[in-house]
Amino acid sequence: MKAIGVDETSKDLQLIDLPVPEPGPGEVRIKVAAAAVNRADLHQRRGHYPPPPGASETLGLEVSGTVDAVGPDTTGPRPGDEVCALLAGGGYAEYAIAPATQCLPVPKGVSLVDAAGLPEVACTVYSNVVTEGGLQAGETLLLHGGGSGIGTHAIQLGKALGATVAVTVGSDFKAQRCRELGADIVINYREQDFAEVLDGRADVILDIMGAKYLPGNVRALAKQGRLVIIGLQGGAEGALNIGALLAKRGRISATNLRGRPLDGPHGKAAVVAGVRRDVWPLIEEGRIAPVISARLPLAEAEAAQGLLDSPESIGKVLLTV
Ligand SMILES: NC(=O)c1ccc[n+]([C@@H]2O[C@H](COP(=O)([O-])OP(=O)(O)OC[C@H]3O[C@@H](n4cnc5c(N)ncnc54)[C@H](OP(=O)(O)O)[C@@H]3O)[C@@H](O)[C@H]2O)c1
């Protein structure tokens, strides 16, 4: 099969030939229609985010497509089913392997290709904003990177849950699109200090900046606020004013989806089941839609990854197979 490989020295992406993978117990093989590009792929490509033990070395954390084979002892998806799936790796390819428990049906009203952009954002946002952050109707949710794949989904989920949604963005184009998606407060971080704007009002913060935004996030937190850190784009080591956090009875947590076990109360299967129960109906009602900025052929993976850093790109970039 055709897949995308990373050249060891230049780190360039190139089309390569790989054997078609075989599904193991509890797994399915998906004939890929599309794979989505995630920021994590860019880190993995540069050697900073290795796949977990046993996962494919090929890039790609989510796909959509048609199940074409199932492994031994696999329940759930059958050959011919159209699914989208959360992967530990291997999505930039013509065929990908997924645990059956990490497959979701393609939601009604969403095309097979565009469904590739849903599993990673839906699982990340649900597990952090709902499960970890405990967002309630009437609360204020602050999202950093409102125009990201994660941000565009989280705006819609936050609004569907009855929250006031604030976002930070770095361009007027993204600001406009975030407003269209329902964001109530839009802060261009190049012009305004989000901590001054939100000062003590954010009940839940979904953070992707890490160290750089830690002091500002603590200032933005409301009493009993919950700061959930999922990205370290602004560094991993920062100074925390524990006194300021204590005065707010605030809470900070940090999570990662890819490294979770498959099973157990915090495992990926539980996250996927929660998404299917609570988020999929919102998508099928049209209250949350995938936000796709571009669909490029698999062979153009290099250009597709480049789009993630464009100020004109919002939401997800897909690779079609
Ligand atoms: N822990 C987990 O389980 C998990 C899972 C999925 C994703 N993530 C993380 O979540 C983040 C988003 O992922 P993605 O795939 O959706 O990435 P993406 O689409 O590439 O988005 C990255 C975003 O960062 C924003 N950004 C850059 N500098 C910023 C700043 N100073 N302040 C606020 N925003 C800033 C960019 O927006 P502008 O262009 O507007 O600056 C861009 O929208 C990444 O850090 C990723 O690693 C974590």
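What the table below lists for this structure:
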| read-out | value |
| --- | --- |
| Hits in the stretch 14-56 (condition: away from the ligand (no atom under 16 Å from the Cβ), within 22 Å of the chain's Cα centre (by Cα) and within 19 Å of Ala304 (Cα to Cα)) | Val32, Ala33 |
| Cross-chain or 6+ apart pairs with Cβ under 7 Å, the stretch 4-22 first and more than 17 Å from Arg45 (Cβ to Cβ), then hydrophobic (A, V, I, L, M, F, W, C) and surrounded by 11 or more Cβ atoms within 10 Å (Cβ to Cβ) | Val20/Met1; Pro21/Ile97 |
| Check on Ala116, closer than 12 Å to Ala33 by Cβ and touching a Cys at 6+ places or on another chain (Cβ under 8 Å) | yes |
| Matching residues, the stretch 215-255, being within 13 Å of the ligand (Cβ to nearest atom), under 25 Å from Val186 (Cβ atoms) and outside any loop (DSSP other than H, G, I, E, B) | Gly216, Asn217, Ala220, Val228, Ile229 |
| Val165 being modelled with pLDDT of 95 or more, crowded, with 24+ Cβ neighbours inside 10 Å and away from the ligand (no atom under 11 Å from the Cβ) | yes |
| Selection status of Ser293, part of a strand (DSSP E or B), within 23 Å of Ala85 (Cα to Cα) and within 14 Å of the ligand (Cβ to nearest atom) | yes |
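The values are calculated or read from the model by the stated rules, or taken from the named source; none is laboratory data. This structure is a prediction, so every number in the text was calculated from the model and none was measured. In this analysis, Cβ positions are derived from the backbone assuming ideal geometry, glycine residues included, and neighbour counts consider all displayed protein chains.
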